[in-house]
Amino acid sequence: MAHEPLIAPSILSADFARLGEEIAAVSGPGDGRADWVHVDVMDGHFVPNLTIGLPVVQSLLRTTDIPLDCHLMIEDPDRWAPGYAEAGAHNVTVHAEAAHDPVKIAKDIRAAGARAGLSVKPGTRLEDHLDTLRHYDTLLVMSVEPGFGGQKFMPEVLDKVRTARRLADTGHLNVLVEIDGGIKEDTIEQAAEAGTDCFVAGSAVYGAGDPGRAVAALREQAARARQAAR
(Lines give C-alpha, C1' and ligand atoms only; values in the text may rest on other atoms or scores of the structure.)
Protein backbone atom coordinates (compact mmCIF):
# COMPACT_ATOMS: atom_id res chain seq x y z
CA MET A 1 0.00 0.00 0.00
CA ALA A 2 1.42 3.38 -1.00
CA HIS A 3 2.29 5.85 1.74
CA GLU A 4 1.31 9.50 1.75
CA PRO A 5 3.97 11.37 -0.24
CA LEU A 6 7.13 12.07 1.76
CA ILE A 7 9.49 14.90 0.80
CA ALA A 8 13.18 14.52 1.68
CA PRO A 9 15.19 17.67 0.88
CA SER A 10 18.77 16.83 -0.09
CA ILE A 11 21.40 18.89 1.70
CA LEU A 12 23.75 18.20 -1.22
CA SER A 13 22.14 21.33 -2.68
CA ALA A 14 22.29 23.30 0.58
CA ASP A 15 24.97 25.70 1.79
CA PHE A 16 27.49 23.43 3.54
CA ALA A 17 28.68 26.34 5.71
CA ARG A 18 25.14 26.75 7.12
CA LEU A 19 23.77 23.20 7.26
CA GLY A 20 22.04 23.69 10.61
CA GLU A 21 20.20 26.77 9.31
CA GLU A 22 19.40 25.09 6.00
CA ILE A 23 17.75 22.17 7.80
CA ALA A 24 15.93 24.61 10.08
CA ALA A 25 14.44 26.21 6.94
CA VAL A 26 12.51 22.98 6.28
CA SER A 27 11.80 22.22 9.96
CA GLY A 28 8.96 24.62 10.66
CA PRO A 29 5.41 23.64 11.61
CA GLY A 30 2.81 22.80 9.00
CA ASP A 31 3.07 21.69 5.40
CA GLY A 32 6.53 23.19 4.90
CA ARG A 33 8.14 20.70 7.27
CA ALA A 34 10.28 18.05 5.56
CA ASP A 35 9.44 14.42 6.29
CA TRP A 36 13.06 13.30 6.07
CA VAL A 37 16.35 15.13 5.43
CA HIS A 38 18.42 13.34 2.78
CA VAL A 39 22.16 13.20 3.44
CA ASP A 40 24.44 12.11 0.59
CA VAL A 41 27.62 10.48 1.87
CA MET A 42 30.20 10.11 -0.93
CA ASP A 43 33.75 8.81 -0.60
CA GLY A 44 35.34 9.84 -3.90
CA HIS A 45 35.74 6.14 -4.83
CA PHE A 46 32.33 4.58 -5.47
CA VAL A 47 31.31 7.91 -7.04
CA PRO A 48 33.63 10.64 -8.35
CA ASN A 49 32.72 13.13 -5.64
CA LEU A 50 33.57 13.66 -1.99
CA THR A 51 31.01 15.10 0.43
CA ILE A 52 30.52 14.46 4.13
CA GLY A 53 30.84 11.54 6.52
CA LEU A 54 29.82 10.28 9.92
CA PRO A 55 31.12 13.19 12.05
CA VAL A 56 28.93 15.67 10.16
CA VAL A 57 25.94 13.34 10.39
CA GLN A 58 26.47 13.07 14.15
CA SER A 59 26.48 16.87 14.37
CA LEU A 60 23.32 17.18 12.28
CA LEU A 61 21.55 14.65 14.49
CA ARG A 62 22.11 17.00 17.43
CA THR A 63 20.54 19.93 15.58
CA THR A 64 17.29 18.48 14.24
CA ASP A 65 14.46 16.11 15.13
CA ILE A 66 13.64 15.48 11.47
CA PRO A 67 14.62 11.90 10.57
CA LEU A 68 17.91 11.71 8.66
CA ASP A 69 17.92 9.62 5.49
CA CYS A 70 21.58 8.70 4.93
CA HIS A 71 22.44 7.59 1.40
CA LEU A 72 25.86 5.94 1.40
CA MET A 73 27.50 6.19 -2.01
CA ILE A 74 30.66 4.54 -0.75
CA GLU A 75 32.85 1.49 -1.16
CA ASP A 76 32.66 -1.17 1.56
CA PRO A 77 29.26 -0.21 3.02
CA ASP A 78 29.39 -3.54 4.88
CA ARG A 79 31.96 -1.94 7.17
CA TRP A 80 30.60 1.60 7.45
CA ALA A 81 26.80 1.46 7.25
CA PRO A 82 26.04 0.19 10.78
CA GLY A 83 27.83 3.22 12.29
CA TYR A 84 25.29 5.59 10.75
CA ALA A 85 22.46 3.56 12.25
CA GLU A 86 24.19 3.49 15.65
CA ALA A 87 24.56 7.28 15.49
CA GLY A 88 20.80 7.67 15.17
CA ALA A 89 20.02 7.94 11.45
CA HIS A 90 16.44 6.96 10.64
CA ASN A 91 17.15 5.28 7.31
CA VAL A 92 20.55 4.06 6.07
CA THR A 93 20.76 3.21 2.38
CA VAL A 94 23.57 1.28 0.71
CA HIS A 95 24.16 0.58 -2.97
CA ALA A 96 23.45 -2.85 -4.38
CA GLU A 97 26.47 -2.36 -6.64
CA ALA A 98 28.85 -1.80 -3.70
CA ALA A 99 27.58 -4.23 -1.07
CA HIS A 100 29.48 -7.49 -0.55
CA ASP A 101 26.78 -9.14 1.61
CA PRO A 102 23.66 -6.99 1.33
CA VAL A 103 21.47 -9.29 3.43
CA LYS A 104 23.90 -9.09 6.34
CA ILE A 105 24.16 -5.30 5.96
CA ALA A 106 20.37 -5.02 6.22
CA LYS A 107 20.37 -7.11 9.39
CA ASP A 108 23.21 -5.05 10.89
CA ILE A 109 21.51 -1.73 10.10
CA ARG A 110 18.22 -2.89 11.56
CA ALA A 111 19.94 -4.34 14.64
CA ALA A 112 21.48 -0.91 15.22
CA GLY A 113 18.04 0.68 15.21
CA ALA A 114 17.54 2.13 11.72
CA ARG A 115 15.56 1.28 8.63
CA ALA A 116 17.65 -0.41 5.94
CA GLY A 117 17.59 0.90 2.38
CA LEU A 118 18.93 -0.57 -0.87
CA SER A 119 19.71 1.72 -3.80
CA VAL A 120 20.10 0.84 -7.47
CA LYS A 121 21.80 2.96 -10.12
CA PRO A 122 19.95 3.75 -13.37
CA GLY A 123 21.64 0.93 -15.30
CA THR A 124 21.14 -1.74 -12.60
CA ARG A 125 18.37 -4.27 -13.14
CA LEU A 126 15.89 -4.37 -10.28
CA GLU A 127 15.02 -7.99 -11.05
CA ASP A 128 18.52 -9.08 -9.99
CA HIS A 129 17.93 -7.78 -6.46
CA LEU A 130 14.32 -8.71 -5.67
CA ASP A 131 15.25 -11.54 -3.28
CA THR A 132 17.65 -9.22 -1.46
CA LEU A 133 14.96 -6.53 -1.19
CA ARG A 134 12.84 -8.81 1.00
CA HIS A 135 15.32 -7.97 3.78
CA TYR A 136 15.06 -4.19 3.28
CA ASP A 137 12.64 -1.45 4.31
CA THR A 138 13.35 1.06 1.54
CA LEU A 139 14.18 0.85 -2.16
CA LEU A 140 15.96 3.96 -3.48
CA VAL A 141 15.72 4.20 -7.26
CA MET A 142 18.36 6.53 -8.68
CA SER A 143 16.93 8.70 -11.48
CA VAL A 144 20.37 10.17 -12.27
CA GLU A 145 23.85 8.68 -12.15
CA PRO A 146 24.92 9.06 -8.50
CA GLY A 147 27.64 11.51 -7.62
CA PHE A 148 26.55 15.06 -8.38
CA GLY A 149 23.44 17.17 -7.78
CA GLY A 150 21.59 19.14 -10.43
CA GLN A 151 21.44 16.38 -13.07
CA LYS A 152 18.61 15.76 -15.53
CA PHE A 153 15.89 13.31 -14.52
CA MET A 154 15.94 9.96 -16.37
CA PRO A 155 12.29 8.91 -16.92
CA GLU A 156 13.28 5.42 -18.10
CA VAL A 157 13.95 4.38 -14.49
CA LEU A 158 10.26 4.72 -13.67
CA ASP A 159 9.69 1.15 -14.88
CA LYS A 160 11.61 0.05 -11.76
CA VAL A 161 9.35 2.19 -9.61
CA ARG A 162 6.26 0.65 -11.21
CA THR A 163 7.60 -2.86 -10.66
CA ALA A 164 8.42 -2.17 -7.02
CA ARG A 165 5.05 -0.52 -6.46
CA ARG A 166 3.23 -3.51 -7.91
CA LEU A 167 5.24 -5.97 -5.78
CA ALA A 168 4.67 -3.87 -2.66
CA ASP A 169 0.95 -3.53 -3.30
CA THR A 170 0.58 -7.29 -3.82
CA GLY A 171 2.55 -8.13 -0.67
CA HIS A 172 5.58 -9.62 -2.41
CA LEU A 173 7.79 -6.83 -1.05
CA ASN A 174 7.42 -4.65 2.02
CA VAL A 175 9.39 -1.58 0.96
CA LEU A 176 8.89 2.14 0.81
CA VAL A 177 9.77 3.29 -2.72
CA GLU A 178 12.05 6.33 -2.85
CA ILE A 179 13.42 8.22 -5.86
CA ASP A 180 16.47 10.47 -6.05
CA GLY A 181 17.72 12.64 -8.89
CA GLY A 182 16.28 15.53 -10.87
CA ILE A 183 13.07 15.67 -8.84
CA LYS A 184 11.41 19.08 -9.20
CA GLU A 185 8.16 20.70 -10.26
CA ASP A 186 8.20 19.29 -13.79
CA THR A 187 9.20 15.69 -12.89
CA ILE A 188 7.64 14.90 -9.52
CA GLU A 189 4.24 14.14 -11.02
CA GLN A 190 5.67 11.43 -13.31
CA ALA A 191 7.42 9.84 -10.35
CA ALA A 192 4.27 10.04 -8.22
CA GLU A 193 2.08 8.49 -10.91
CA ALA A 194 4.54 5.58 -11.16
CA GLY A 195 4.06 4.85 -7.45
CA THR A 196 6.88 6.60 -5.60
CA ASP A 197 6.41 7.10 -1.84
CA CYS A 198 9.37 9.36 -0.98
CA PHE A 199 10.85 12.08 -3.18
CA VAL A 200 14.39 13.37 -2.71
CA ALA A 201 14.61 16.97 -3.93
CA GLY A 202 17.75 19.09 -3.82
CA SER A 203 17.84 22.23 -5.95
CA ALA A 204 14.02 22.30 -6.14
CA VAL A 205 14.02 22.98 -2.39
CA TYR A 206 17.31 24.73 -1.66
CA GLY A 207 17.30 26.72 -4.90
CA ALA A 208 13.93 28.20 -3.97
CA GLY A 209 13.49 31.50 -2.17
CA ASP A 210 11.45 29.79 0.54
CA PRO A 211 12.55 26.15 1.04
CA GLY A 212 9.65 25.35 3.34
CA ARG A 213 7.11 26.58 0.83
CA ALA A 214 8.87 24.51 -1.86
CA VAL A 215 8.53 21.38 0.28
CA ALA A 216 4.79 22.00 0.74
CA ALA A 217 4.26 22.64 -2.98
CA LEU A 218 6.12 19.49 -4.02
CA ARG A 219 4.17 17.35 -1.56
CA GLU A 220 0.89 18.77 -2.82
CA GLN A 221 1.90 18.13 -6.44
CA ALA A 222 2.84 14.53 -5.67
CA ALA A 223 -0.40 13.90 -3.76
CA ARG A 224 -2.52 15.31 -6.59
CA ALA A 225 -0.69 13.28 -9.24
CA ARG A 226 -1.01 10.06 -7.29
CA GLN A 227 -4.70 10.65 -6.63
CA ALA A 228 -5.27 11.25 -10.34
CA ALA A 229 -3.42 8.03 -11.19
CA ARG A 230 -5.59 5.84 -8.97
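The values are calculated or read from the model by the stated rules, or taken from the named source; none is laboratory data. These numbers come from a predicted model, not from an experiment. Counting neighbours? That spans all protein chains shown, and the Cβs are built from the backbone with ideal geometry, glycine included.
One residue stands out among those in the range 29-38 that are of a type outside the set (A, V, I, L, M) and closer than 17 Å to GLY207 by Cα: the one that is surrounded by the fewest Cβ atoms within 10 Å (Cβ to Cβ), which is ARG33. For the range 122-161, a residue qualifies if it is over 30 Å from ALA14 (Cα atoms) and among the basic types (Lys, Arg), and the qualifying residues are ARG125, ARG134.
Looking across the range 54-74, the residues that are out of contact with any helix residue (DSSP H, G or I) (no Cβ under 8 Å at 6 or more places or on another chain) and surrounded by 18 or more Cβ atoms within 10 Å (Cβ to Cβ) come down to PRO67, ASP69, HIS71, MET73. Against the test of being in a loop (DSSP other than H, G, I, E, B) and closer than 28 Å to ALA98 by Cα, the options GLY123, GLY117 yield a single qualifying residue, GLY123. If the condition is being in a loop (DSSP other than H, G, I, E, B) and either within 17 Å of the chain's Cα centre (by Cα) or of a type outside the set (Val, Ile, Thr) (or both), then the range 54-89 contributes ASP65, ILE66, PRO67, ILE74, GLU75, ASP76, GLY88, ALA89.
The condition of being at pLDDT below 95, under 17 Å from the mean Cα position of the chain (by Cα), surrounded by 20 or more Cβ atoms within 10 Å (Cβ to Cβ) and farther than 29 Å from ASP169 by Cβ holds for only one of VAL47, VAL26, VAL41, that being VAL47. Among residues of the range 99-113 that are under 15 Å from LEU130 (Cα atoms), those with a Cβ under 8 angstrom from a residue that is of a type in the set (Gly, Ala, Ser) and surrounded by 18 or more Cβ atoms within 10 Å (Cβ to Cβ), sequence gap 6+ or separate chain, pair up as PRO102/ALA96; ALA106/ALA116.
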